[in-house]
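*Asks:* There's a structure below that I have some questions on.
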Amino acid sequence: MAKSVGDGRERPVTEELEPSAADELPLSGEPLPLDLVNTTYIRGGVRGRLVDAFAAGPQAVDVWLAARRGRFSPVLADRLSEAGPIDPARYREFLELRGALRSLAAARTSGEDPETGPLAVVNARARSAAHWPELVAGSGFRSVVRTAADDVGGAALGEIAAAAVDLFTGPAADRLRACPAPGCILYFVRTHARREWCTVGCGNRVRVARHSRRARAGGAAGEA
């Protein structure tokens with residue numbers, strides 16, 4: 001059975017979506033928008049299972065955010081360290097943004113124009129990344145940073161969306177890749193010329209498959 005994950009890259013999977021811990025992802029450390037996209041992945045290659053690291057609910061997003069706290073702006077990082085859990089509405093917005101980013105990543109890597117729906121989602125979230133300093137009334141002169149989003153979850157969505165705008169239009173855009181390994185749906189930024197796959201694991205699977213095909217072809221030729 002083939003299953004699409006929203007970017008047109010259908011992959012055969014043997015079972016329905018399964019949950020996974022948000023801190024046990026096969027690929028991490030990409031730009032934040034791609035790290036969010038890559039919370040859905042295939043476990044087990046071509047005949048593997050489609051996994052959603054956020055399937056457990058809002059608490060999974062909390063874990064994901066906490067693990068990446070230092071990659072947000074200093075102001076937001078401080079707020080994340082003290083934040084409570086995100087609410088169900090914000091959780092659904094993280095899923096919506098993830099789907100929009102996957103669609104845009106697919107378009108960017110295939111040379112297609114972006115669809116208006118995903119663009120609207122990202123642009124709406126990017127507006128909540130705005131922040132500015134204000135003077136605080138009272139004794140002496142003190143300042144505080146205000147954000148367009150009242151809550152930490154909204155501010156995090158904003159910074160991820162704003163980072164996506166930079167990713168898809170900035171100098172890293174031409175190095176954005178969809179992993180070409182069969183059965184993989186992950187995206188990455190090619191950090192050096194020899195990097196072909198999202199992870200070493202994908203590269204190893206492809207090389208093993210090539211070796212097996214050559215061995216079978218050699219055996220068949222010897223029997224002929």
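*Asks:* Sort segment 157-198 into rounded, prolate or oblate with this rule: let a ≥ b ≥ c be the square roots of the eigenvalues of the Cα gyration tensor; rounded if a/c is under 1.5, and if a/c is not under 1.5, prolate when a/b is larger than b/c, oblate otherwise. Could you put the intermediate results ahead of the total?
*Replies:* Details: a/c = 3.20, a/b = 1.61, b/c = 1.99.
Cα axes put segment 157-198 in the oblate bin.
*Asks:* So, counting K/R as plus one and D/E as minus one, what does the shell of residues with Cβ under 11 Å around Ala89 add up to? Write out the running numbers ahead of the final one.
*Replies:* Values: positive: Arg90, Arg92; negative: Asp87, Glu93, Glu96, Asp151.
Residues close to Ala89 contribute a combined charge of -2.
*Asks:* Could you give each residue of segment 100-116 its phi-based ³J(HN,Hα) in whole Hz, using Karplus coefficients 6.51, -1.76, 1.60 with θ = phi - 60°, and x for Gly or Pro?
*Replies:* Working through the residues one at a time gives 5, 5, 5, 4, 5, 4, 5, 5, 5, 7, 9, x, 8, 6, x, 7, 5 Hz.
*Asks:* Computed FRET efficiency, Cβ-Cβ of Phe141 and Asp174, R0 45 Å: what is it to the nearest 0.05?
*Replies:* Values: r = 46 Å, r/R0 = 1.02.
Efficiency computed from Cβ-Cβ geometry: 0.45.
*Asks:* For Ala66 and Asp150, compute 0.36 nm times the residue count separating them, minus their Cα-Cα distance, and round to one decimal in nm. Write down the numbers at each step before the final one.
*Replies:* Values: separation 84, 0.36 × 84 = 30.24 nm, distance 1.86 nm.
Going from the current span to full extension adds 28.4 nm.
*Asks:* Further question: Rg to Rh for segment 129-189: what is it, with Cα atoms only and Rh by Kirkwood? Before the final figure, lay out the partial values.
*Replies:* Values: Rg = 18.6 Å, Rh = 14.7 Å.
That ratio equals 1.26.
*Asks:* Spelling out what I want: for every residue of segment 154-169, take phi, set θ = phi - 60°, compute 6.51 cos²θ - 1.76 cosθ + 1.60 (Karplus), and round to whole Hz; glycine and proline get x.
*Replies:* Along segment 154-169, the couplings run x, 5, 5, 4, x, 5, 5, 5, 5, 5, 5, 4, 5, 5, 6, 10 Hz.
*Asks:* I've got another one for you. Provide the FRET efficiency to the nearest 0.05 for the Thr199-Asp87 pair, computing r from the beta carbons and using R0 = 45 Å. Numbers along the way, then the final one.
*Replies:* Values: r = 33 Å, r/R0 = 0.74.
Efficiency, from the Cβ-Cβ distance: 0.85.
Every read-out reported here was derived from the displayed coordinates using simple, explicitly stated rules and does not represent laboratory data. Remember, it's a predicted structure, so these values are computed and weren't measured experimentally. Every residue, glycine as well, gets a Cβ built from its backbone with ideal geometry; the counts of neighbours run over all protein chains shown.
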